[in-house]
Amino acid sequence: MNQSIQQITNWPWKHIWRSKVPHKVSCFVWLLAKEAVLTQDNLMKRGTILCSRCFLCGETAETVNHLFLHCKFTQQLWRIFLNLKGIAWTMPSKVSEALKSWEEAGLQAKNRNRWRIVPASIWWAIWKERNSRCFESIENGVQKVKLNCILLLCFWCNQAYSDDTISIIDVLDSI
């Protein structure tokens with residue numbers, strides 16, 4: 001099989017574009033999967049001179065894959081959903097691999113549409129917190145970011161299912 005055709009079939013199209021999140025968030029996830037979000041490493045590739053440090057953990061350079069997958073701050077958000085479903089999951093090295101792996105892990109999910117929203121809610125909450133720290137010097141604790149992530153998930157689930165008036169517990173139970 002041609003390599004470009006194989007890449008296309010392995011690309012997580014459905015997970016990005018069929019997820020019931022706002023269009024700007026789908027575009028953001030698309031950029032994440034292409035590793036094109038303007039994290040510090042991508043800004044430095046464009047010629048901006050920075051001392052790259054992750055705004056969340058401060059321990060390593062800020063790359064797309066570190067910030068959204070491997071940062072110890074971000075991993076706490078992932079653990080919420082993995083522990084909820086009792087899933088033992090090794091974090092993939094790239095965002096596109098994480099999307100594919102998340103899709104496979106969700107085959108047994110009660111509601112696959114809601115399952116697909118989880119990565120976007122984690123990544124959007126992380127991006128908002130990162131930008132808050134970077135541009136506004138406002139730093140929320142991890143518990144506040146976890147709450148923001150769960151509330152985003154619930155809001156997007158309720159928007160996607162507008163006749164549904166369900167509680168946070170019901171949303172979390174339904175994924």
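The values are calculated or read from the model by the stated rules, or taken from the named source; none is laboratory data. Predicted, not measured: the structure shown is a model, and the values here were computed from it. Using ideal geometry, Cβ is built from the backbone for each residue, glycine included, and neighbour counts are taken over all protein chains shown.
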Of the criteria (1) surrounded by 15 or more Cβ atoms within 10 Å (Cβ to Cβ); (2) more than 21 Å from TRP156 (Cα to Cα); (3) modelled with pLDDT of 95 or more; (4) not small (Gly, Ala, Ser), which one PHE68 fails: (2)
Where THR74 falls short, out of the listed (1) in a helix (DSSP H, G or I); (2) surrounded by fewer than 20 Cβ atoms within 10 Å (Cβ to Cβ); (3) touching a residue at least 40 places away in the same chain (Cβ under 8 Å): (2)
Among (1) among the charged types (D, E, K, R); (2) in contact with a Ser or Thr (Cβ under 8 Å, 6 or more places away or on another chain); (3) surrounded by fewer than 20 Cβ atoms within 10 Å (Cβ to Cβ) - the single one GLU104 does not satisfy: (2)
Sole exception among (1) surrounded by 12 or more Cβ atoms within 10 Å (Cβ to Cβ); (2) in contact (Cβ under 8 Å) with a residue 12 or more places away in the chain; (3) more than 28 Å from CYS54 (Cα to Cα) for LYS110, by number: (1)
Checklist (1) closer than 21 Å to LYS72 by Cα; (2) in a loop (DSSP other than H, G, I, E, B) applied to LYS144, failing item: (2)
Residues satisfying the stated conditions in segment 32-42, i.e. closer than 22 Å to CYS149 by Cβ and in a loop (DSSP other than H, G, I, E, B): GLU35, VAL37, LEU38, THR39
Hits in segment 107-125 - residues which are over 18 Å from LEU31 (Cβ atoms) and either out of contact with any Ser or Thr (no Cβ under 6 Å at 6 or more places or on another chain) or at pLDDT 90 or above (or both): LEU107, GLN108, ALA109, ARG112, ASN113, TRP115, VAL118
Some residue of segment 43-62 being at negative phi, modelled with pLDDT under 80 and either assigned to a helix (DSSP H, G or I) or buried (at least 16 other Cβ atoms within 10 Å of the Cβ) (or both): no
Considering residues of segment 1-31 that are part of a helix (DSSP H, G or I) and under 10 Å from LEU99 (Cα atoms) only, the residue modelled with the highest pLDDT: VAL29
Check on TRP17, over 24 Å from PHE155 (Cα atoms) and of a type in the set (A, V, I, L, M, F, W, C): no
